[in-house]
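Q: One structure is given below, represented as structure tokens, and several questions about it will come after.
Readers should treat all values here as calculations from the given coordinates under stated rules, not as data from a laboratory. A quick note: this is a predicted structure, and the numbers were derived from the prediction, not measured.
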Amino acid sequence: MYWGWFIHWLGQKRTIWLLFIINLLGTIYGYIWYMPQLSETDWRLWPFVPDSPTASLFFTITLLSFIVGKRWPLIEALGAVTLFKYGIWAVVMIIAGKLSGGDLHWTSYMLITSHLGMALQTLLFSRYFKFSFKLYFAIEKCREMQ
């Protein structure tokens, strides 16, 4: 009963607007977080440095597409895959750092919470995505036939 209500609430325009604003602010903060590293990186490599904020940007655009009613399956796929990957990856790396003798600061807990939220969003919104893994399996099938 509660799960059905939650899924219904998740699909409401007000909820999507709220998540859009949260993700937009998190994306902006993520790019600001990477500024020191970007200032030391060759500009040609900039697209590869801020991984989590870029994943969040794809998902933020996906939420915008839900709001305006214009769907972009490729952006949804990029958002879903990267948001889940970097959500889990960051948490694992922070915990691995702690297990190998590092310290956890308040920023570590903030990053763990926000990145778990990234991965959770992918799972919760997966039912709304338009993209399909059918294309992936079709490509794999063609490769097997070669």
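Q: Taking Rg/Rh (Cα atoms, Kirkwood Rh) straight from the coordinates, which label in [x] 1.03; [y] 0.93; [z] 1.00 is the correct one?
A: Read-out from the structure maps to [x].
Q: Here's something else I'd like to know. Which helices of the chain meet both criteria: a Cα extent of 24 Å or more along the helical axis and a mean Kyte-Doolittle score no lower than 0.5, with helices taken as whole DSSP H segments?
A: 13-33, 51-68, 73-99, 106-125
Q: What percent of all Cα-Cα pairs in the stretch 34-77 falls into each 10 Å bin, going from 0 up to the bin containing the maximum distance?
A: Using 10 Å bins, I get a P(r) of 27, 37, 25, 10 for the stretch 34-77.
Q: Using only alpha carbon pairs under 8 Å that are at least six residues apart, calculate the relative contact order of the chain and give it in whole percent.
A: 21 percent
Q: Then there is this: Under 10 Å, Cα contacts only: if you run a Gaussian network model on the chain, which one of Leu38, Leu99, Leu57 comes out with the highest mean-square fluctuation?
A: Leu99
Q: Most fluctuating residue of Thr15, Thr54, Thr122 in a GNM of the chain with Cα springs under 10 Å: which is it?
A: So, out of Thr15, Thr54, Thr122, the one fluctuating most is Thr15.
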